[in-house]
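K.L.:
If you scroll down you'll find the structure; I have some questions about it.
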Amino acid sequence: MRVLVVAATRAEVAPLISHFSNPIAHNRVLSGVYGSHKIDVLLTGVGMVATAVWATRALAIGGYDVALNLGVCGSFNASLPSPGAVHVTSDVMSELGVEDGPAFLTMQQIGLLPTDEFPWTGGRVVNLGPPRLPGLAELPSVAGITVNTVHGHEPSIAEVRARYAPDVESMEGAAFMYACLVAGVPFAQVRTVSNRVERRNRGAWDLKGAVDELGRVALTLLGG
């Protein structure tokens, strides 16, 4: 297969890249071979705008068979192990809306975006046809939110829990999924839990463990 791997930072995919043969770096892309697959790793930078722009550009010119978004995430769900891997099959840009006094209204609620207008399904971006990759079906399927501001304040955490009941959050996932749906490329957003979503506490994060686990899972998905 020809595979596009999308990641915000090189650190998140360094374990995968270390297994490439004949790696070649060009601009934001590092290309290499793993097994029988030709892989382009696109490093978009952090955030949904950067991810949407660079991923859309790559998908438009690449001719890829499958796209993978690999990264770490924060977890709202205490049952998800850290640093365990998850498959985010439903995501939403949780800050896309308007304030009406203390109330938050989504674009769908105010009538600016139909609930099921492509690529939205029920107001979310949903992966209805993930690729058949080794081990993907065994990963927990979870609901995500994509944010510009990572949650770290108890009142806002409680509000977003009540509004979306998310399992995990990232800063790129929904943008990646949106781009792949528009491009018609089979995709999967796979992440590993580095921390619980709580008052910011870097001492409780297991970033190294999450990155190591992400590398292991990525190699499994690619048949390693």
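K.L.:
If one takes the longest principal axis of the Cα atoms in the chain, at what angle in degrees, from 0 to 90 and to the nearest 10, does the Cα axis of helix 48-62 lie?
P.N.:
40 degrees
K.L.:
Rounded to the nearest 5, what % of DSSP beta bridges with both residues in the chain are antiparallel? Each step should come with its number before you reach the end.
P.N.:
Numbers: 24 of 50 bridges.
Among the beta bridges of the chain, antiparallel pairing accounts for roughly 50 percent.
K.L.:
Which angle from 0 to 90°, rounded to the nearest 10, does the C-alpha axis of helix 154-164 make with the longest principal axis of the chain?
P.N.:
Roughly 80 degrees between the two axes.
K.L.:
Right, another one. Along the positive direction of the dipole of the chain (beta-carbon charges: Lys, Arg +1; Asp, Glu -1; about the Cα centre), which of SER75, PRO119, PHE20 reaches farthest?
P.N.:
Checked the options; the winner is PHE20.
K.L.:
Taking 0.36 nm per residue of separation and subtracting the Cα-Cα distance, what length does fully extending ASP100 through ALA162 add? Intermediate results must be reported in sequence, preceding the final value.
P.N.:
Numbers: separation 62, 0.36 × 62 = 22.32 nm, distance 1.69 nm.
Separation in residues times 0.36 nm, less the Cα-Cα distance, equals 20.6 nm.
K.L.:
Right, another one. With a/c under 1.5 counting as rounded, go ahead and sort the range 94-224 into rounded, prolate or oblate using the C-alpha gyration tensor (a ≥ b ≥ c being the square roots of the eigenvalues; past the cut-off, prolate if a/b is larger than b/c, else oblate). Please list the in-between numbers first.
P.N.:
On the way: a/c = 2.78, a/b = 1.20, b/c = 2.32.
Note, shape of the range 94-224 comes out oblate.
K.L.:
Any idea what the dipole of the chain comes to, in debye rounded to 20, about its Cα centre with Lys/Arg Cβ at +1 and Asp/Glu Cβ at -1?
P.N.:
Values: 16 positive and 19 negative charges, 126 e Å.
Once rounded to the nearest 20, the dipole reads 600 debye.
K.L.:
Rank the residues GLU213, GLU99 as a footprinting-exposure proxy: fewest other Cβ atoms within 10 Å of their Cβ go first. List each step's numbers first, then the result.
P.N.:
Working: GLU213 21, GLU99 8.
Exposure proxy ranking, most exposed first: GLU99, GLU213.
Every number in this text was worked out from the coordinates using simple rules, so none of it is lab data. On a predicted model such as this, the values are computed, not experimentally measured, just so you know. Virtual Cβ from ideal backbone geometry, glycine too; neighbours counted across all protein chains shown.
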